[in-house]
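For reference, the structure is listed below as structure tokens.
The values are calculated or read from the model by the stated rules, or taken from the named source; none is laboratory data. In this text, all values refer to a predicted model and were calculated from it rather than measured experimentally. Here the Cβ is made from the backbone with ideal geometry for all residues, glycine too, and neighbour counts use every protein chain on show. Each accessible area value is taken on the protein alone, full model and side chains, heavy atoms only, with ligands, DNA and RNA left out. Shrake-Rupley method; radii C 1.70, N 1.55, O 1.52, S 1.80 Å.
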Amino acid sequence: MDFFHTIIALLESTIRVSVPLIFAALAGLYTERAGVFDIGLEGKMLGAAFAAGAVAGITGSVWAGLIVAIIISVLLSLVHGYASITQRGNQIVSGVAINFVVAGSTVILGEAWFRQGGRTPALSGDARFQTITFPFADSIREIPFIGPIYADLLSGHFLLTYLAFALVPISWWVLYRTRFGLRLRAVGENPGAVDTAGISVIWLRYRAVICCGILCGFAGAYLSLAMSAGFVKGMTAGKGYIALAALIFAKWRPFNIMLACLLFGFLDALAIRLQGNPLPLIGQVPVQLMQALPYILTVILLAGFIGKAIPPKAGGVPYVKER
Amino acid sequence: MSNPYAKLPNWAEYGLIPFVNLVVAFLVAGLVVLLVGENPLDAAYHMVNGAFGRGEYIGFTLYYATTFIFTGLSVAVAFHAGLFNIGSEGQAYIGGIGVTLACLWLDRTMPWFVVFPLAIIGSAAFGALWAFLPGWLQAKRGSHIVITTIMFNFIASSLMVYLLTRVLKPLGSMAPQTRTFEAGGQLPKLDWLLSIFGLDIGNAPFNISFLLALLVAFGVWTLIWRTRFGYELRTMGHSPSAARYAGISETRITIIVMMISGGLAGMMALNPIMGEQFRMQLDFVQGAGFVGIAVALMGRSHPAGIIPAAILFGMLYQGGAEIAFEMPAISRDMIVIIQGLVILFAGALENMFRPAISRFFAGLGQRSATAAQTKGA
């Protein structure tokens, strides 16, 4: 029974750490499927987390924080869009630039405005997302097996957590069952054909980039308004890159993204739990190896040793109408 | 790729446009300073003064510049072959192992000029090794170099934490670093070079690896513009299909270019490890690999541009520390913003002002043409 509770606790923290990954990886899904590579997920998430923490800290309203987080993230996305769609600049370079600008300015502005070593004020009450407890969770908890799963694993998460998991089928539906989704995928594979059909490649790609901004806004807001109470400098700590890895690992498909994010989240949760304790059957595993595992798995996948990850064909290529 | 823009005179292409982009980047950075409630002009004054005001400051500026020359060249070489190596950071980090092994092995018995060449070889070899895999994966397995090098940065960082906390740390010590090297692992300072100009180096760790950096920069220029291999790699960078048609092996070029790029990044480790700290510490690279991207973009991937760009970033690093001292609201993270803005305006948005500038030149050309006509009539 004790082992069972450990598993439940482990899975529960898996869910908690994978939520920002799911948001960010889905965000990347929209732009990359439209042919705009985005390694600026990290920066957008960080910017959104800072905006959310700062605004919620000042206004005391979690919703104001969420909305401003989304606005900031969309604005950053539009910068990326302007550079890579309108100006036809290098998309990788633009993403790198956004990551740096945000990494620096969140620290500078945070320190100047709040003077708490790069933190925003600690949030409490209405300024922070509260967990949602499902009906009867407490009374059912005593039932063996099903009880803890319902009460601890399914119930008791944040609104944004449920939103993240709901967005997986929604994104699938949008991408595979709507006209917008069909065009979005087409513009990432063969923009010339889309242009010939009389649809604006530029506007489609901009809409994809805006979708990405909104989702990164959620990811950032989750970090500073739900997972922790306020913004801490550098709080994304490479999650944007893990999300990018998950996106590739999932071969740019929504349901695979959820599974990949859960897997990477599980590795993260396991690494935290194991810290110095030996793993059954395998023995002592260095924490560093666990931390590096998502990246190593992605490299192995990219090398084509676990299936083949084929990126959208027109990804990273700016569209020039005349040709 | 076809160039949709009209051709500009060379000085505008290589001088004016980068300059305009740079000015815009700094103007936007100035806006951030305003947002924080400080005077951007004061900040600029403190920065320039902090970077060049005294011999010691210049020493520090050039010390940082040395690091950035290596990483800038590393990124630039890959750029010329059409490859974007974001992994210079990780390659420099791993390169540190080569330097450290050479120093730990010989620092007690040999003088620095014996250890130094071995450390150079070691750093370049380890950096090249770390870049070999992404290069090989790109060439043979078709995985995207940008993604693999990002992943390799994280893997390098985990690996180094492991090595420094478990393997390379001396027994009984708590800090995650190697032991301090003896005389053989310490590079001589370039105090004589500064004293020619009547400057006193003070405590600045400006050392002989600066000369190595200049030498390597010349080597890179020779390689890219004066050898057959350089011609092939530039061909591949301009048009992979043309390169294939000409019988140039993409696999060979990709792998070798990545190894050269990684080797150059690895040599960066000589400067902080043998030149300043005399030991390998956690995170000694401190983002220099990423600064290399900004330096390469600003220097237009040419060694003659990279050296001044590296000195400019050295100025930002050293002067930035002085600003932080004078204006507490502005920490060294300001440099990260400027770095990002330079990458944005000199890299991703490099063509933003080009239409306006070429229109200006076109107008100029027309006017002089009509002027000549009226004179003739």
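Just a few scattered comments:
- Cut-off 13 Å between beta-carbons: net charge of the residues surrounding A:I272, Lys and Arg +1, Asp and Glu -1: 0
- Chains B and A together bury roughly 3800 Å² of accessible area, counting both sides, with a 1.4 Å probe on protein heavy atoms only.
- Distance between modelled label sites at B:V48 and A:L159, nm, 7 Å Cα→Cβ extension: 5.3 nm
- A simple rule links phi to the HN-Hα coupling: the Karplus curve 6.51 cos²θ - 1.76 cosθ + 1.60 with θ = phi - 60°, which for the range B:344-353 gives 5, 7, 8, x, 5, 10, 4, 9, 4, 9 Hz, with x for Gly and Pro.
- Computing FRET efficiency as 1/(1 + (r/R0)^6) for A:K313 and A:L75, where r is the C-beta to C-beta distance and R0 is 30 Å, gives about 0.55.
- Amide H to amide H, with H built 1.01 Å from N, A:I132 comes under 5 Å of A:G156, A:H157, A:F158, A:L159, counting only residues 5 or more places away or on other chains.
- Based on protein heavy atoms only, the protein assembly as shown ends up with 42 Å² per residue of surface accessible to a 1.4 Å probe.
- Heavy-atom accessible area order for A:H80, B:H144, largest first, 1.4 Å probe: B:H144, A:H80
- With the helix formula -39500 (n - 2.57) applied to DSSP H stretches of n ≥ 4, the protein assembly as shown reaches a computed 222 nm mean residue ellipticity of -21500 deg cm²/dmol.
- Computed from backbone phi, the HN-Hα couplings of the range B:104-116 come to 5, 6, 10, 4, 8, 10, 10, x, 4, 6, 8, 5, 4 Hz, rounded to whole numbers (Karplus: 6.51 cos²θ - 1.76 cosθ + 1.60, θ = phi - 60°; Gly and Pro given as x).
- Full-extension gain in nm, A:R177 to A:S124, via 0.36 nm per residue minus C-alpha separation: 15.0 nm
- Classified by the C-alpha gyration tensor, the range B:89-230 has an oblate form. Its axis ratio a/c, with a ≥ b ≥ c, is 1.5 or above, and a/b does not exceed b/c.
- For the range B:275-305, the residues whose amide N sits under 12 Å from a probe point set 7 Å from the Cα of B:R234 along the beta carbon direction are B:302-303.
- Karplus-derived 3J(HN,Hα) values for the range B:301-306, using 6.51 cos²θ - 1.76 cosθ + 1.60 with θ = phi - 60°, are 6, 10, x, 5, x, 5 Hz; glycine and proline are entered as x.
- Peptide A:107-117 has a mean shielding of 4, counted as Cβ atoms of other protein chains within 10 Å of each residue's Cβ.
- Here the accessible area is traced with a 1.4 Å probe on the protein chains. For the range B:67-307, carbon and sulfur cover 65 percent of it.
- Neighbours of B:A43 by Cβ distance under 11 Å: Lys/Arg scored +1, Asp/Glu scored -1, total -4.
- Formal net charge of residues neighbouring B:W105 (Cβ-Cβ distance under 15 Å; K, R +1; D, E -1): +1
- Computed label-point distance, nm, for sites B:Y245 and A:N190 using a 7 Å Cα→Cβ extension: 2.4 nm
- Taking a point 7 Å from the Cα of A:A64 along the Cα-to-Cβ direction, the residues of the range A:108-149 with backbone N closer than 17 Å to it are A:113-114, A:120-129.
- Length gained on full extension, B:I121 to B:F325, computed as 0.36 nm times the residue gap minus the Cα-Cα distance: 69.6 nm.
- Between 0 and 90 degrees, the angle of helix A:41-59 with respect to the longest Cα principal axis of chain A falls at about 60 degrees.
- A:I202-B:A362 FRET efficiency (beta carbon distance; Förster radius 30 Å; 0.05 resolution): 0.70
- With all protein chains in place and a 1.4 Å probe, the accessible surface of chain A carries 67 percent carbon and sulfur.
- Alpha-carbon centroids, the range A:87-129 and the range B:308-337: separation in whole Å: 19 Å
- The label-point distance for A:A9 and B:R166, in a model that sets each label 7 Å from Cα toward Cβ, rounds to 2.5 nm.
- For the residues of B:156-164, the average number of beta carbons from a partner chain within 10 Å of their own beta carbon is 4.
- A:R273/A:A137 FRET efficiency (R0 25 Å; Cβ-Cβ; nearest 0.05): 0.60
- Dimensionless Rg/Rh of the protein assembly as shown - Kirkwood Rh, Rg from C-alpha atoms: 0.98
- log10 of Debye I(q)/I(0), alpha-carbon scatterers only, for chain A at 0.09, 0.14 Å⁻¹: -0.49, -1.11
- Anisotropy class of the range B:67-307 from Cα gyration tensor, a/c 1.5 cut: oblate
- In percent, rounded to a whole number, the relative contact order of chain B is 34, using alpha-carbon pairs under 8 Å and six or more apart.
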